[in-house]
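A.B. asks: Mind looking over this structure? Questions follow.
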Amino acid sequence: MNGFIVMTYRQIKRFASAKSRLVTSIVNPVIWIAFFGLGWSNVFNFPGARTVFGGLDYLTYLASGMVAMTIMMGSFISGISVIWDKQFGFLKETLVAPTSRAEVILGRAFGDSLVTVFQGFIILAMMWFIAPQIRLAGAIPALVYGMILSMGFTSLGITLSIKLSSSEGFQMIVNLMTMPLIFMSGVFYPIENMPEWMRAIAYVNPMTYAVDGMRSWLTGVSRFDPTLDIGLLSVLTLALLLLATRTYNKATIED
């Protein structure tokens, strides 16, 4: 397991030395809450509005989903480090290293996931001050969902970055994919209020089950059974992890 441990340590150390990455990951959801959440919470401040959001005020509904959004976006964008490793030659070293490629890719994904879950924990702590209905007792189970979600989207980011050589191209693809995935996951509004074609996409979106499961533990409100959430989320994440491992195994030093 040396390859796994070394890559996990490396990804954590890279994050610790990049303070701007931590600041950006925190500022982004705070902006969403400030300019989106606070504004719309006043729009939904009328009799009967809470029934739309399972009895929650809109700010609490949004805040519980914002933790999942932070983890997902941080995980997806972390795949860009593979492109940087290509440019600096580190990827070639891992490809020829005397260790299993599966260990390397799992260590990279696990290290980045620990980092993004830590970011999610910071956001969760901040959200509690503006949405006191959030139950801190459910923080640990919610972050377990976040860890599984992070492993999935980190793996997807790694898969894309192995196939690409341009960090600009990678960022464009990530930006193109993240917004639909976020809006079709229940972060901003219940999926039962979506058009049918959007609901169909939401049901195969890993974010949907992470958001629902985390919201269940943090607020007691959910659409699905939490065990169903974690089961389907785990299956989708495992599929993305296997895809990343297979793509990495096929990579050559010329890629």
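A.B. asks: Please report, ordered by residue number, the helices (runs of 4 or more DSSP H) entirely within region 1-63 with at least 1 residues that are touching a Gly at 6+ places or on another chain (Cβ under 6 Å), at pLDDT 80 or above and buried (at least 16 other Cβ atoms within 10 Å of the Cβ).
C.D. replies: Where helices (runs of 4 or more DSSP H) fall fully within region 1-63 and carry at least 1 residues being touching a Gly at 6+ places or on another chain (Cβ under 6 Å), at pLDDT 80 or above and buried (at least 16 other Cβ atoms within 10 Å of the Cβ), they are 2-16.
A.B. asks: May I ask you to say which residue of VAL204, VAL221 is surrounded by fewer than 24 Cβ atoms within 10 Å (Cβ to Cβ) and touching a residue at least 60 places away in the same chain (Cβ under 8 Å)?
C.D. replies: Of the residues listed, the single one that is surrounded by fewer than 24 Cβ atoms within 10 Å (Cβ to Cβ) and touching a residue at least 60 places away in the same chain (Cβ under 8 Å) is VAL221.
A.B. asks: Where residues in region 96-129 are under 19 Å from ILE148 (Cβ atoms) and of a type in the set (D, E, K, R), which of them is nearest to the chain's Cα centre (by Cα)?
C.D. replies: ASP112
A.B. asks: Something else now. Scan region 131-141 for residues that are part of a helix (DSSP H, G or I) and buried (at least 17 other Cβ atoms within 10 Å of the Cβ) and jot them down.
C.D. replies: If the condition is that a residue be part of a helix (DSSP H, G or I) and buried (at least 17 other Cβ atoms within 10 Å of the Cβ), then GLY138, ALA139 are the ones that fit.
A.B. asks: In addition: Quick one: would you say VAL144 is at pLDDT 85 or above and more than 23 Å from ARG10 (Cβ to Cβ)?
C.D. replies: yes
A.B. asks: Restricting the search to region 225-236, which residues are under 16 Å from the mean Cα position of the chain (by Cα) and farther than 13 Å from GLY146 by Cα?
C.D. replies: LEU232, VAL235, LEU236
A.B. asks: Let me ask another. Evaluate the following for ILE158: is it at pLDDT 85 or above, of a type in the set (Val, Ile, Thr) and over 28 Å from VAL82 (Cα atoms)?
C.D. replies: No, not satisfied.
A.B. asks: Additional query: Would you check if there is a residue in region 142-164 being out of contact with any helix residue (DSSP H, G or I) (no Cβ under 9 Å at 6 or more places or on another chain) and surrounded by fewer than 18 Cβ atoms within 10 Å (Cβ to Cβ)?
C.D. replies: So far as region 142-164 goes, no, none of its residues is out of contact with any helix residue (DSSP H, G or I) (no Cβ under 9 Å at 6 or more places or on another chain) and surrounded by fewer than 18 Cβ atoms within 10 Å (Cβ to Cβ).
A.B. asks: If I filter region 181-207 down to residues being under 16 Å from VAL52 (Cα atoms) and aromatic (Phe, Trp, Tyr), which single residue comes out as nearest to the chain's Cα centre (by Cα)?
C.D. replies: Looking at residues that are under 16 Å from VAL52 (Cα atoms) and aromatic (Phe, Trp, Tyr), I get PHE188.
A.B. asks: Cβ contacts < 8 Å: first residue farther than 24 Å from ASP85 by Cα, restricted to region 230-252; second residue hydrophobic (A, V, I, L, M, F, W, C) and surrounded by fewer than 19 Cβ atoms within 10 Å (Cβ to Cβ), any location; separation 6+ or different chain. Result?
C.D. replies: That search, which allows pairs on different chains as well, returns ILE230/VAL144; LEU236/VAL204.
A.B. asks: What about ALA239, is it more than 14 Å from the chain's Cα centre (by Cα) and at pLDDT 90 or above?
C.D. replies: Judged against the criteria, ALA239 is a match.
A.B. asks: Same structure again: Assess whether THR70 counts as being under 20 Å from MET179 (Cα atoms), of a type in the set (Ser, Thr, Tyr) and free of Cβ contacts under 8 Å to residues at least 40 places away in the same chain.
C.D. replies: No: the conditions fail for THR70.
A.B. asks: Inspect region 182-193 for any residue being closer than 15 Å to GLY120 by Cα, of a type outside the set (D, E, K, R) and touching an Asp or Glu at 6+ places or on another chain (Cβ under 7 Å) and give the result as yes or no.
C.D. replies: No - not one qualifying residue is present in region 182-193.
The values are calculated or read from the model by the stated rules, or taken from the named source; none is laboratory data. In this text the structure is predicted, and so the values were computed from the model without any measurement. All Cβ positions, glycine included, derive from the backbone under ideal geometry; neighbour counts span all protein chains shown.
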